[in-house]
Amino acid sequence: MTTDTLDPVTLEVLRNALPAVANEMAVDLQRTSYNMMIYEVRDFCTALVNTKGELICQNVGGVSHFVADLGVIITDGMQRYGKDGFAPGDVIITNHQAVAGQHLNNIVVYMPYFHDGELLMFAMVRAHWIDVGGMSTGFGAGPTPPHFRSTTVDTRASRLPRLLPCPM
């Protein structure tokens, strides 16, 4: 553990640079999205979260309460894969309610950030996707015909497992 302290100028640069990263992520997401819930409604959040699941910064605007349980997703990923289980270029996608905690249309995409080979943090996006499978599109299961009632979560939407992609 180092006892080095940051000088006030460096501290101020970092204090402003980190939220700028999250804000740029939000701008890029909004400008490139084909999903009206993202580009019009701004039903998303972007954030940087450390390996302990602690929020480093989040974007301004969007849905601020979306960041509330992002740390749980990271701690789950760290328990599943370990610190050495992530590699540059990995992208993890999930809406699994065991860790994502919200309705299945809120998809979380995150990727690790490394500096000099050390895993420092994760860049994360949670956004409302219009269609994630299931019986209807939009904002959940919606009305169902009287002869069919949704009895499992899988009839309401597709659950995306918490898996790492195969290395390229």
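Charged neighbours of M36, selected by a Cβ distance under 14 Å, balance to -1 (K, R count +1; D, E count -1). Subtracting the Cα-Cα distance of E118 and I130 from 0.36 nm times their residue separation leaves 0.7 nm of extension gain.
Mean sequence separation of contacting Cα pairs (under 8 Å, at least six apart), scaled by the length of region 1-134, corresponds to a relative contact order of 23 percent.
By counting other Cβ atoms within 10 Å of each Cβ, how are C57, C45 ranked from fewest to most?
On the way: C57 20, C45 26.
Going from sparsest to densest Cβ surroundings: C57, C45.
Along region 33-48 the Karplus relation, 6.51 cos²θ - 1.76 cosθ + 1.60 evaluated at θ = phi - 60°, assigns HN-Hα couplings of 7, 9, 9, 5, 5, 8, 7, 9, 7, 6, 8, 7, 8, 10, 7, 10 Hz to successive residues, with x for each Gly and Pro. Among V72, V49, the ranking by other beta carbons within 10 Å of each residue's beta carbon, starting with the fewest, stands as V72, V49.
Want the number for H65 to V13: 0.36 nm per residue separation, take away the alpha-carbon distance, what's left?
Numbers: separation 52, 0.36 × 52 = 18.72 nm, distance 2.63 nm.
Between H65 and V13, full extension yields an extra 16.1 nm.
From least to most packed, judged by other beta carbons within 10 angstrom and beginning with the fewest, F114, F86, F122 follow the order F114, F86, F122.
We did not get these values from a lab; they are worked out from the coordinates using the rules stated. Everything numeric in this text was worked out from a predicted model, so none of it was measured. Counting neighbours? That spans all protein chains shown, and the Cβs are built from the backbone with ideal geometry, glycine included.
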